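What follows is a single structure, written as structure tokens, with notes after it.
The values are calculated or read from the model by the stated rules, or taken from the named source; none is laboratory data. None of these values were measured; they are calculated from a predicted model. Ideal geometry is used to build each Cβ from the backbone, glycine not excepted, and the neighbour counts take in all protein chains shown. Surface areas here come from the heavy atoms of the whole protein model, side chains and all, with no ligands, DNA or RNA. Shrake-Rupley method; radii C 1.70, N 1.55, O 1.52, S 1.80 Å.
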Amino acid sequence: MRRFLFKPNEREDSMVRLCSEESHHITNVLRLAAGAEVELFDGKGKLFLGEIEEIGKKVRVRLVSQKEVLSQEGTALWLFQADLKGKKMDLVIQKATELGVERIVPFTCSRSQGRVGKDRRKRKSERWQKLIEGACKQSMRLTLMRCEEEVSMRAALASAALSQSSGPKLLFWEEERDYHLSDIDWEKPIDRAGIMLGPEGGFSDQEIAEARELGWQTVSLGKQVLRAETATIAAISIVQHHLGKI
């Protein structure tokens, strides 16, 4: 059954008026008719069965029943990702959503290559939001991954939310040789875990030293030197496995 996203302001009691983009997809691409059953999710963990009431530029759907409410239990994984160039960052956004990352915090550091101006940054953020929404539909995820505003590496390292959590803060670094994910005690209760990955050129020694001072543990992903986007996808997958999410 086809699944569509709606926002809180698009709902009034049991009736939802979908946005222009979702309405166009229903009306002109899928060519669904009034009376067709669809699934609607609110991006916050609720899934509904709906029936199309009216086709047009703003499709109206009546909510018939609530099918699922996602439990918020379990460890939340936050990804701190240094800016990557163009499509590489798009890929990371998409795959992080599919793999269940709760929040992504983009940041810039000394070797970042993807820095852009204010206007382009806004367009980029809008594109990322569309990628997140599409990845949620494809993977049947009920909650939208939250994408934060881009910050400096110093601000990312000093994240107050992580400092107050019980989970590890892991910085994946190609020059780390002694500490691996298998060295972490994954059995203890963890409410939130953070992982940080660098840009195409990696982190500087000064950035690594600052990260360690702020409580981040450098971790190895093995002997192979991975492309930046590959390293991120691999790190997310392995950590989510240890957290019981995969």
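Selection of segment 133-147 for residues being surrounded by fewer than 20 Cβ atoms within 10 Å (Cβ to Cβ), part of a helix (DSSP H, G or I) and among the hydrophobic types (A, V, I, L, M, F, W, C) yields only A135. Residues in segment 2-11: is at least one in contact with a strand residue (DSSP E or B) (Cβ under 6 Å, 6 or more places away or on another chain), assigned to a strand (DSSP E or B), open to solvent by 70 Å² or more (accessible area, probe 1.4 Å) and in contact (Cβ under 8 Å) with a residue 24 or more places away in the chain? No: segment 2-11 contains no residue that is in contact with a strand residue (DSSP E or B) (Cβ under 6 Å, 6 or more places away or on another chain), assigned to a strand (DSSP E or B), open to solvent by 70 Å² or more (accessible area, probe 1.4 Å) and in contact (Cβ under 8 Å) with a residue 24 or more places away in the chain. If you go through segment 199-216 and keep only what is open to solvent by less than 10 Å² (accessible area, probe 1.4 Å) and either free of Cβ contacts under 8 Å to residues at least 40 places away in the same chain or small (G, A, S) (or both), you end up with G202, I208, A211. For F203, the criteria (1) assigned to a loop (DSSP other than H, G, I, E, B); (2) more than 15 Å from A82 (Cα to Cα) hold in every case but one, which is (2).
I'd like to check something: does segment 25-33 contain any residue that is touching a Lys or Arg at 6+ places or on another chain (Cβ under 9 Å), part of a strand (DSSP E or B), open to solvent by less than 30 Å² (accessible area, probe 1.4 Å) and closer than 26 Å to M145 by Cα? Checking segment 25-33: not a single residue is touching a Lys or Arg at 6+ places or on another chain (Cβ under 9 Å), part of a strand (DSSP E or B), open to solvent by less than 30 Å² (accessible area, probe 1.4 Å) and closer than 26 Å to M145 by Cα. Among the residues of segment 66-85, at least one is touching a Phe, Trp or Tyr at 6+ places or on another chain (Cβ under 7 Å) and under 30 Å from M15 (Cβ atoms). Residue check: is V16 in contact with a Ser or Thr (Cβ under 8 Å, 6 or more places away or on another chain) and open to solvent by less than 60 Å² (accessible area, probe 1.4 Å)? The answer is no for V16.
Matching residues to (1) modelled with pLDDT of 95 or more; (2) out of contact with any Asp or Glu (no Cβ under 7 Å at 6 or more places or on another chain):
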position	(1), (2)
Q164	no, yes
I195	yes, yes
G202	no, no
Q206	yes, yes
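Looking at segment 67-81 only, could you name the residues that are modelled with pLDDT under 95 and touching a Leu at 6+ places or on another chain (Cβ under 7 Å)? Scanning segment 67-81 gives K67, E68, L70, T75.
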